[in-house]
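The values are calculated or read from the model by the stated rules, or taken from the named source; none is laboratory data. Note that the structure is predicted; figures quoted are calculated from it, not measured. For neighbour counting, all protein chains shown are included, and Cβ atoms are generated from backbone atoms with ideal geometry for every residue, glycine included. Ligands, DNA and RNA are excluded from the accessible area calculation, which covers all protein heavy atoms including side chains. Shrake-Rupley method; radii C 1.70, N 1.55, O 1.52, S 1.80 Å.
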Amino acid sequence: MQLPLLMGHRGAAALAPENTLAGVRAAKAAGVDWVELDVLSTADAVPVVHHDQTLARCFDDPRVLSAASADTLPAGLPRLDQMLTLLNELDMGVNLELKTYDDTPIDALVAGVAEVWQRCRPKGFLSSFSSPALEKAQEALPEVARAFITTPFNQRRIDEALRLGCFAVNVYHRVIGAKRVARAKADGLQVGVWTVNTVTEAMRCRQAGVDCVITDDPALLLSHANDL
């Protein structure tokens, strides 16, 4: 697995509603072939593409997603199988983040994702902040690459990524530095960075040795691709 130079965040969150079919189409139209998306599980164990614990911010709906059944979800919130089908049609890769909150049934989430992934066979990899989620993913989908997401970027987190058998770390852009990137790469890890929405910051991260820049606005960064 090789990280792409640029990846749309939650589809292309600056160009279309996040984590939607329209957002993925916007990312493709902007010129990127990879997107980062989030997946959570409903009360009836259906994996859906959504970031937040609740539906409030994106859909003005106060319900907790994990307590809602799939057939009651707002229009515009895609099921994972719908999203992976579209990605295959568009020949796009996906960095699918396994989102976990205190109420997340990790076993059910990973099992649901594994069933859909095996059926749709997308190009891509799984990622998470959660070590237990990545461990379960390794058991359920041993052939699928994984990345460890972290905000602190230190040797302890690098070692955890290696323990989990990850090929990459995805790191918060403000903590990126050349020495730590070099250390991770010396240990065999690729390095992605999120979420970068200015050309200046993208250039800084690339100069530090980052392999992949995840952005809400792929059109902006692609317009300066020669600088990256």
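Examine the range 110-119 for a residue that is within 13 Å of Val39 (Cβ to Cβ), without any contact (Cβ under 8 Å) to a residue 24 or more places away in the chain and in a helix (DSSP H, G or I), and state whether such a residue exists. Scanning the range 110-119 turns up at least one residue that is within 13 Å of Val39 (Cβ to Cβ), without any contact (Cβ under 8 Å) to a residue 24 or more places away in the chain and in a helix (DSSP H, G or I). Looking across the range 1-25, the residues that are more than 25 Å from Gly188 (Cβ to Cβ) and open to solvent by 10 Å² or more (accessible area, probe 1.4 Å) come down to His9, Arg10, Ala13, Ala14, Leu15, Ala16, Pro17, Glu18, Thr20, Leu21, Ala22, Arg25.
Among residues of the range 68-90 being farther than 21 Å from Pro105 by Cβ and without any contact (Cβ under 8 Å) to a residue 24 or more places away in the chain, the one that is surrounded by the most Cβ atoms within 10 Å (Cβ to Cβ) is Pro74.
Restricted to the range 144-170, and to residues that are assigned to a strand (DSSP E or B) and free of Cβ contacts under 8 Å to residues at least 24 places away in the same chain, which residue is nearest to Val94 (Cα to Cα)?
Top of the filtered list is Arg146.
Taken over the range 89-107, residues that are at pLDDT 95 or above, β-branched (Val, Ile, Thr) and within 12 Å of Ser41 (Cα to Cα) amount to 2. Any chance the range 167-182 includes a residue that's in contact with a helix residue (DSSP H, G or I) (Cβ under 7 Å, 6 or more places away or on another chain) and open to solvent by 40 Å² or more (accessible area, probe 1.4 Å)? Taking every residue of the range 167-182 in turn, none turns out to be in contact with a helix residue (DSSP H, G or I) (Cβ under 7 Å, 6 or more places away or on another chain) and open to solvent by 40 Å² or more (accessible area, probe 1.4 Å).
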